[in-house]
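The values are calculated or read from the model by the stated rules, or taken from the named source; none is laboratory data. All values derive from a computational prediction rather than experimental measurement. All Cβ positions, glycine included, derive from the backbone under ideal geometry; neighbour counts span all protein chains shown.
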Amino acid sequence: MCVRRCISVENKKGLSKEEIAAMKEYLKEKNSRANGEEDVLAAIAKMKEPDRSMARRIHAIVKASAPELSPRTWYGMPAYSKDDKIICFFQNAGKFKARYSTLGFSDKANLDEGKMWPTGFALTGLTPTEEKRITALVKKAVSGT
């Protein structure tokens, strides 16, 4: 499997240490019978601030606005799935040394608007305005799935 070969080879394929770590997390998740809620909370607990606070709040928002989604980790990130298909996820800025965290939606999310729509949202903080928008996005993402 390419993923395993890429992980075992030194960084000759251009993968960063963070990307290799994420792939290792993914393989571990695929091979274990993870307890979704506990794994998500553990992943959040490992984050540094302000990512940790944002992830906790997003976790609460997703659970409240789309209780049909199941929490689980995906490449070590908090994610939420339906019928074992990822709908949305939170990528903390520290994971890939990015300038901002990201709330992302997969192609399984029902966010379609014409011929083009956003599937990733940069987050540098959460106010009631962002929380309201996240709630609406999550509800829309699961409508019709």
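Working only within the range 67-85, note down all residues that are of a type in the set (Ser, Thr, Tyr) and at negative phi.
SER70, THR73, TYR80, SER81 - these are the residues of the range 67-85 that are of a type in the set (Ser, Thr, Tyr) and at negative phi.
Of the residues ALA60, ALA64, ALA42, only one is more than 13 Å from the chain's Cα centre (by Cα), surrounded by fewer than 16 Cβ atoms within 10 Å (Cβ to Cβ), more than 19 Å from LEU137 (Cα to Cα) and of a type outside the set (Val, Ile, Thr); which?
On the way: ALA60 fails: more than 19 Å from LEU137 (Cα to Cα); ALA64 fails: more than 19 Å from LEU137 (Cα to Cα).
Being more than 13 Å from the chain's Cα centre (by Cα), surrounded by fewer than 16 Cβ atoms within 10 Å (Cβ to Cβ), more than 19 Å from LEU137 (Cα to Cα) and of a type outside the set (Val, Ile, Thr) holds for just one of ALA60, ALA64, ALA42, which is ALA42.
If I go through the range 22-55 residue by residue, how many of them are closer than 15 Å to PRO78 by Cα, in a helix (DSSP H, G or I) and at pLDDT 80 or above?
Looking only at that region, the number is 18.
Do we find that SER81 is among the hydroxyl-bearing types (Ser, Thr, Tyr) and farther than 23 Å from LYS46 by Cα in this structure?
Judged against the criteria, SER81 is not a match.
If I ask for residues that are within 25 Å of LEU15 (Cα to Cα) and either without any contact (Cβ under 8 Å) to a residue 24 or more places away in the chain or part of a strand (DSSP E or B) (or both), which ones from the range 56-76 would you list?
Within the range 56-76, ARG72, THR73, TRP74 meet the criteria.
Can you find even one residue in the range 77-86 that is outside any strand (DSSP E or B) and among the small types (Gly, Ala, Ser)?
Within the range 77-86, none of the residues are outside any strand (DSSP E or B) and among the small types (Gly, Ala, Ser).
Do any residues in the range 134-145 that are under 14 Å from HIS59 (Cα atoms) have Cβ atoms under 7 Å from those of residues that are among the small types (Gly, Ala, Ser) and outside any loop (DSSP other than H, G, I, E, B), where the two are at least six apart or on different chains, and which pairs are they?
From the range 134-145, the pairs are THR135/SER65; VAL138/SER65; LYS139/SER65.
With the checklist (1) in contact with a Lys or Arg (Cβ under 6 Å, 6 or more places away or on another chain); (2) in contact (Cβ under 8 Å) with a residue 40 or more places away in the chain in hand, flag the one item ALA93 doesn't pass.
Among (1) in contact with a Lys or Arg (Cβ under 6 Å, 6 or more places away or on another chain); (2) in contact (Cβ under 8 Å) with a residue 40 or more places away in the chain, ALA93 violates only (1).
What residue, among those in the range 96-119 that are under 17 Å from ALA55 (Cβ atoms) and surrounded by 11 or more Cβ atoms within 10 Å (Cβ to Cβ), is modelled with the lowest pLDDT?
In this case the residue turns out to be PHE96.
Kindly provide the set of residues from the range 70-96 that are among the aliphatic types (A, V, I, L, M) and within 13 Å of ASN35 (Cα to Cα), ordered by number.
Hit for the range 70-96 is ALA79, nothing else.
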